[in-house]
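Everything below concerns the one structure shown next.
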Amino acid sequence: MPEPALQAIGLRKSYPGGSGAPPVQALDGLTFDALRGTVLGMLGPNGAGKSTTVKILATLSRSDTGEARVDGIDVARNPGAVRRRIGLVSQRPSSDPMATGRENLVLAGRLHGMNRVDAAARATDLMARFDLADAADRLVRTWSGGMSRKLDVAIGLVNRPALLFLDEPTTGLDPEARAE
């Protein structure tokens, strides 16, 4: 059987309850595998641990116990290698509103190790793909919420990731943009 693209084994994560309250258990022994080429959707109510799972797999948080692997790489032992293989579109905006869309994408590309020319070319490609080319050189703070959300998705794809994590990526998009 092929090695899973994603693997979680007994993940547990809790957060402080605050003001003397007991800790909040976000994950309680989560275990799953996802093979390459599959789409894994996590559904559940608010507070079910979906975003916590994504944060652990994307190396933004550590589990209290358990193991997680992305593309066979242990997320706790080698987070840099994991980050080079993934893209992330989080619930919250990732772009800088005081920069242009193009500047945001070029910066994301540079952070992923692209040279300036390749990052600029990738930014142009993604602006066209997401129908943002006309606004590419305007400050993101002047964009609509839906346009900004499209930019967040484009930022998640800038490095052509092997695995893409989407944490509520369609929030703020109109029905036409969601379908696209």
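The values are calculated or read from the model by the stated rules, or taken from the named source; none is laboratory data. Note that the coordinates shown come from a computational prediction; the quantities given were computed from them, not determined experimentally. Cβ coordinates were reconstructed from backbone atoms using ideal geometry, including for glycine residues, and neighbour counts include every protein chain displayed. With ligands, DNA and RNA removed, areas are computed over all heavy atoms of the protein, side chains included. Shrake-Rupley method; radii C 1.70, N 1.55, O 1.52, S 1.80 Å.
Every listed requirement among (1) over 26 Å from Met1 (Cα atoms); (2) surrounded by 13 or more Cβ atoms within 10 Å (Cβ to Cβ); (3) free of Cβ contacts under 8 Å to residues at least 60 places away in the same chain is met by Ala76 save one, (1).
Collect the residues in segment 56-73 that are closer than 17 Å to Gln25 by Cα, open to solvent by less than 40 Å² (accessible area, probe 1.4 Å) and in a loop (DSSP other than H, G, I, E, B), keeping them in residue-number order. Within segment 56-73, Ser61, Ser63 qualify.
Pairing residues of segment 91-102 that are in a loop (DSSP other than H, G, I, E, B) with residues that are open to solvent by 70 Å² or more (accessible area, probe 1.4 Å), at Cβ distances under 6 Å and at least 6 apart in sequence or on separate chains, gives Gln91/Glu168; Pro97/Arg141.
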